[in-house]
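Trainee: Below is one structure. I have some questions about it.
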Amino acid sequence: MSALSLAVRDSSTMLRRNLLHARRYPSLTLNLLLTPVMMLLLFVYIFGDVMSAGIGGGNADRSAYIAYIVPGILMMTIGSTVIGSAISVSADMAEGLVARFRTMAIHRSSLIIGHVVGSVLQVLAALLLVGAVGVAIGFRSVDATVLEWLAAFGLVALFALALTWIAVGMGMASPNAEAASNMAMPLILLPLISSAFIPAETMPGWFQPIAEYQPFTPAIETLRGLLLGTEIGHNGWMAVAWSVGLSVLGYRWSMAQFNKDPR
Amino acid sequence: MPPRVMSTFKSRSAPASPRPSSDAIFATGLRKSYGDKTVLDGIGLSIPAGSVFALLGPNGAGKTTAVKILSTLITADGGQAQVAGHDIAAEPQKVRAAIGVTGQFSAVDGLITGEENMLLMAGLHHLSKREGRRIAAELLQRFDLVEAAKKPASTYSGGMKRRLDIATTLIGNPSIIFLDEPTTGLDPRSRHNMWGIIRELVSGGVTVFLTTQYLDEADELADRIAVLSNGKIAAEGSAEELKRLVPGGHVRLRFTDPAAYRSAAAALREVARNDEALTLHIPSDGSQRELRSLLDQLASTGIEADELTVHTPDLDDVFFALTGDVAHPAQTEENVR
């Protein structure tokens, strides 16, 4: 068997294992989905009047705020779902099972590739669920072309890949599931200080650069632009640059840890 | 008492061509340290194919480290080894294709069922779906796991987990199996079951490398035993050879009457006394002839011991002698001599 076909075959075996876990124990993923959905409902229905007034220029129409917040919530969903990957990777690494895999004649990285692909697929499923909630409360894309929909799909997939690699690295660096879950907290906290809920320019001046240039804001602004026709500007290439950069960083970090001799 | 180290492997420690054809596992000068702590201090092994080899040692002696190195899980700091004819450093994938490893900690996926664990391993061994199902069913049957096959492995008892662990190891049909403390933590019944499983493996022609801290286990299963102490192999040989390393057996006489004890001690030659316990140790190989002459001596002086026990050296004696455990009661008793 060639190196590539070995990699594909073993990685898909590992992927099947991950999907089996996800299917057998959906509660972990569903729990992680609670946060973005609660945030969505909280900001729209509880804080909605003030938020809508702030966004809509004094006009308390919720539909404008729903349109504003849903792309942010979708990106937050990605950050939230990949925490599950950090947890399952750290759980795997703490088990004797990984030692078994390492002493088998399989493609060495297949375990990680299986985790990464499984995580991206799970994120996409999560986005469908959360997106459906968004649509149910009134979110509609305005005049997005097929090309823009495809670009939006590509963007969320790429961003999901980037955050997954970071989460896998965090999982490897954590001795147990609790530590992994703590370490991955920034992935769900960062959206709170992005333009997900309020525009970055309404934040204090000293804080604006942090909000504007952290990974979530460009990704959220680009998704807004694609689905709602707002200005994308430099956010497009920044979102791609962040995604590629985080993917490479997360990949190298994960592999360096995985290839170290276990004790 | 420093034991004489048997040097069966020493003569082969620097062969011109390090590729002994008949050895399933061959190693020389393996070293590993973590920081300042030297875990393996140059060990050599030569294990013929189809035999059972036991690496015996107390906790922390380096047994698991040796298994990890030979099974390519970690790399050695020095020395070299061939497993199944392949160098562990140069051709780890070829080594991996020939071995099966059951580590000290359960290597089953607790979240999925026993059957799914088997099929996962079948997939990783690149068996066809049909072949995988067939072998999985066969092994589940053989290891008495059919009833539990559809239950998550996390619900299994310790013994069942070990059985599943070994069953998944066998899917790849390995020619060499590493078992790191296969019976630690098992109840006596599961332990005996495991022994049966290991014997069965050997009868199928598999080479078994097992580590254990139980002497009876090594005695029971292994063709050859190496005693690992402080990162070095303190002795190596068959159970019989190792037993010959320590001073021979003895007959122990116990008295309740101090007067009888004293007169017996005076009457018998070559006797080790324990004045507090009122026991006497008389060196003896336990043969009928020696016992009769001892009994004759006692009878002729009219002394009657309250209890007579024959003690033949077992691996415990060897183990404690070699690993220098002074807390062992038999050892302190001997020192009274």
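Trainee: Residues of segment B:89-121 being facing chain A (nearest Cβ under 9 Å), in a helix (DSSP H, G or I) and among the small types (Gly, Ala, Ser), which ones?
Mentor: Hits for segment B:89-121 are B:ALA97, B:ALA98.
Trainee: Just checking, how many residues over segment A:225-242 are under 16 Å from the mean Cα position of the chain (by Cα) and under 13 Å from A:TYR213 (Cβ atoms)?
Mentor: So the answer is 3.
Trainee: Counting only residues that are away from chain A (no Cβ under 12 Å) and in a helix (DSSP H, G or I), which one in segment B:145-160 is surrounded by the most Cβ atoms within 10 Å (Cβ to Cβ)?
Mentor: The extreme case among them is B:MET160.
Trainee: Which count do you get for residues in segment B:254-277 that are crowded, with 17+ Cβ neighbours inside 10 Å, hydrophobic (A, V, I, L, M, F, W, C) and more than 15 Å from B:LEU294 (Cβ to Cβ)?
Mentor: Going through segment B:254-277 one residue at a time, the tally reaches 1.
Trainee: Here's a follow-up. With the condition being surrounded by fewer than 24 Cβ atoms within 10 Å (Cβ to Cβ) and away from chain B (no Cβ under 14 Å), I'd like the helices (runs of 4 or more DSSP H) fully within segment A:39-131 carrying at least 1 qualifying residues. Show your work before the answer.
Mentor: Working: elements: A:48-55, A:62-94, A:96-102.
Once the helices (runs of 4 or more DSSP H) in segment A:39-131 are filtered for at least 1 residues that are surrounded by fewer than 24 Cβ atoms within 10 Å (Cβ to Cβ) and away from chain B (no Cβ under 14 Å), what remains is A:48-55, A:62-94.
Trainee: With the condition kept exactly as written, say whether any residue in segment B:137-144 is hydrophobic (A, V, I, L, M, F, W, C), within 8 Å of chain A (Cβ to nearest Cβ) and assigned to a helix (DSSP H, G or I).
Mentor: No - not one qualifying residue is present in segment B:137-144.
Trainee: Residues that are within 14 Å of another protein chain (Cβ to nearest Cβ) and buried (at least 16 other Cβ atoms within 10 Å of the Cβ): which strands (runs of 3 or more DSSP E) entirely in segment B:16-75 hold 1 or more of them?
Mentor: Because the criterion is at least 1 residues that are within 14 Å of another protein chain (Cβ to nearest Cβ) and buried (at least 16 other Cβ atoms within 10 Å of the Cβ), the strands (runs of 3 or more DSSP E) in segment B:16-75 that meet it are B:23-34, B:37-48.
Trainee: Kindly check whether there is at least one residue in segment A:11-19 that is closer than 30 Å to A:ALA67 by Cα and within 12 Å of chain B (Cβ to nearest Cβ).
Mentor: Within segment A:11-19, not a single residue is closer than 30 Å to A:ALA67 by Cα and within 12 Å of chain B (Cβ to nearest Cβ).
Trainee: Continuing with this model, one more query. Of everything in segment B:104-131, what is among the small types (Gly, Ala, Ser) and within 31 Å of the chain's Cα centre (by Cα)? Give them in sequence order.
Mentor: B:SER106, B:ALA107, B:GLY110, B:GLY114, B:ALA122
Trainee: Out of (1) without any contact (Cβ under 8 Å) to a residue 12 or more places away in the chain; (2) not in a helix (DSSP H, G or I), what's the single condition that is false for B:SER293?
Mentor: So the condition that B:SER293 fails would be (2).
Trainee: Checking the conditions here, which among A:PRO186, A:PRO209 is of a type outside the set (S, T, N, Q) and closer than 19 Å to A:MET39 by Cα?
Mentor: On inspection, the qualifying residue turns out to be A:PRO186.
Values quoted throughout were computed directly from the atomic coordinates according to the rules given, and no laboratory measurement underlies them. The structure displayed is predicted, hence computed values, not measured ones. We place every Cβ from the backbone using ideal geometry, glycine too, and count neighbours over all the protein chains shown.
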